């Protein structure tokens, strides 16, 4: 467990509880402000690694001319600038832009970018971030197997509930996405269930769970 300083303990007490299917009582901007106010710059940077995923997804949305999501660290104009001059982005992202200069190439090789992102998380000094990067990488590979109707030869016990989700013929695409996000939400909760309520891992878990709830409410409006 990573010990917390006084401000960080205050942060864990300030974060409102999250309930699946219920919109968080604070906005992403308010959550971000709480993190900035109460964390050291290095710890805040660690948190920002987790919601870098939404900046990556927003990049894809930009290339596809799809709507922009407010859940990343950059607003729309800043992200567009980063796609031209990625001076604030990790090296793996700028390398990807160099290797695939056209939008068509970037979209065709988007899975490669996601794999680089998950490997990037697995190099973190923080246990939870390493775990989440490895878990998401395995989860995404399992999703792809089921989507292709190709059952994996062996299913990790952590992912066995996915078989029921993907074989439910009554689910719409939006309901399938919500079920997957709910599965991920529960796995995060299980992973930190034995952690001290004031551990840093709880803050990281909160960020991920906040993102998953917000994403689910976008695809299945309540």
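Coordinate-derived values only; no laboratory data. Treat the numbers as computed from the prediction; the structure is a model and nothing was measured. No Cβ is skipped: glycine too gets one built from the backbone with ideal geometry, and neighbour counts run over all protein chains shown.
Ordered by the count of other Cβ atoms within 10 Å of each Cβ, fewest first, 22, 192 give 22, 192.
Estimated at 0.36 nm per residue, the fully extended path between residue 98 and residue 154 surpasses their Cα-Cα distance by 16.5 nm. Global size of segment 91-193: 15.6, 44 Å for Rg and Dmax (C-alpha atoms, Rg to one decimal, Dmax whole). When you count the other C-beta atoms within 10 angstrom of each residue and take the mean per peptide, 13-20, 175-182, 49-56, 27-34 line up highest first as 49-56, 175-182, 27-34, 13-20. Note on residue 68/residue 177: beta-carbon distance plugged into 1/(1 + (r/R0)^6) with R0 of 30 Å gives a FRET efficiency of 0.95. The Stokes-Einstein estimate for the chain, based on a Kirkwood radius over Cα pairs and taken at 20 °C with 1.002 mPa s viscosity, is a diffusion coefficient of 115 µm²/s.
Here the label points at residue 30 and residue 147, each 7 Å from Cα along the C-beta direction, are separated by 3.4 nm in the simple model.
Extension gain for the segment residue 40 to residue 76, taken as residue separation times 0.36 nm less the Cα-Cα distance, is 10.4 nm to one decimal. Modelled label positions at residue 88 and residue 163, each set 7 Å beyond Cα in the direction of Cβ, lie 4.5 nm from each other.
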